[in-house]
Amino acid sequence: MNVPSPYLGTPQNTIAVLNKYHFVFQKRFGQNFLIDTHVLDKIICSAQITREDLVLEIGPGIGTMTQYLAAAAREVVAVEIDKALIPILEDTLSGFENVTVIHGDALKLDIRCLAEEKNQGHPIKVVANLPYYITTPIIMSLFESHVPLDSITIMVQKEVADRIKTGPGSKDYGALSLAVQYYARPELVANVPPNCFMPRPRVGSAVIRLACHREPPVQVEDEKLMFGIIRASFNQRRKTLINGLNNSSELMISKETASATLESMGLPSGIRGEALTLEQFAEFTNRICEKQ
Ligand code: SAM
């Protein structure tokens, strides 16, 4: 990796930057900075970044991964919420002309508009060592707002990686696993232990890559309705699918309609949502649409 020296992915260089700016970690922003060059190399390599790419980095911190991304990509846009990090990023990224730092909340940014402006609507690559509290909202909002995406390569809590990669029958299976399956092909890149971060998080982490589908793997008439059904059926995991749907204020699906639909699919009326595959949720949704 052609990153100018001294770069940041080591404990010594990270401490030097933190001390220079008297930086105080903000727990509420989930700040755990990467200090392991092997992990950084692995992330960049698995993200398959080329000189053609526009990369969006969410939460650059002091710019550790940003330096690696800038060395590999055509252009990097990094969005950081913590004001105290902005002057630090100006310093650590001063050697790169292809980086734009935006001070703001990634959850409020119009990423679709950004992709349109900076990449003429072509698919972008998202790379992030995400604060754990925004992992699911970030992934869901990237997918649901139909940002043109090539892939999302992210560091997440190990437990979230398990949830993303699982199927029916597992306790980790849920709305997130189904959404990811619908929009992308998930792949585990690496497990990352706490000692690769400063400060060390209490839990293990994992890097996953979500390679976004050009076409979804199932055909569904009403995507919004399918995800409404999925959410309702996992909101009350221990309840049957029929009761979950009936209790949802968002959906208008009667017990009779749900039961008849399940029967037409050859499924028992007492089945729980957690037993259905993505294909079955799509089929169930399409049959409900036919009835409406
Ligand atoms: N990328 C850096 C690294 O790998 O060392 C820092 C990763 S740290 C886990 C997460 C970063 O995301 C922090 O810099 C934090 O301030 C920032 N952050 C937290 N919430 C954010 C949000 N809603 N939008 C943008 N950045 C956010």
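Extension gain for the segment H22 to I271, taken as residue separation times 0.36 nm less the Cα-Cα distance, is 84.0 nm to one decimal.
Computed extension length for S145-E116: 9.1 nm, one decimal, from 0.36 nm per residue of separation with the Cα-Cα distance subtracted. The residues of the chain expose, per residue, 47 Å² of accessible area to a 1.4 Å probe.
Computed on the chain, with alpha-carbon pairs under 8 angstrom and 6+ residues apart, the relative contact order is 15 percent. Percent of Cα pairs in region 223-291 per distance bin of 10 Å, from zero to the largest separation: 23, 65, 11. Annotation: peptides 130-138, 101-109, ranked by per-residue average of other Cβ atoms within 10 Å with the highest first, follow the order 130-138, 101-109.
Determine the share of region 1-111's accessible area contributed by carbon and sulfur atoms, expressed in whole percent, with a 1.4 angstrom probe. For region 1-111, the apolar C and S fraction of the accessible surface comes to 52 percent.
Cross-link pairs exceeding 21 Å in C-alpha to C-alpha distance, out of K27/K158; K83/K118; K171/K239; K27/K83; K158/K239, comprise K83/K118; K158/K239.
The stretch between H103 and E221 holds 38.6 nm of extra length on full extension. This uses 0.36 nm per residue minus the Cα-Cα distance. Phi angles of region 79-87 translate, via the Karplus equation with coefficients 6.51, -1.76, 1.60 and θ = phi - 60°, into HN-Hα couplings of 10, 10, 7, 8, 4, 5, 8, 5, x Hz per residue; Gly and Pro are given as x. Residues whose amide H falls under 5 Å from that of T153, counting only those 5 or more places apart or on a different chain, are V126, V127, A128, L210, with hydrogens built in the peptide plane.
The values are calculated or read from the model by the stated rules, or taken from the named source; none is laboratory data. Just so you know, these numbers come straight off a predicted model, no measurement behind them. Ideal geometry is used to build each Cβ from the backbone, glycine not excepted, and the neighbour counts take in all protein chains shown. For accessibility, only protein heavy atoms count, side chains too; no ligands or nucleic acids. Shrake-Rupley method; radii C 1.70, N 1.55, O 1.52, S 1.80 Å.
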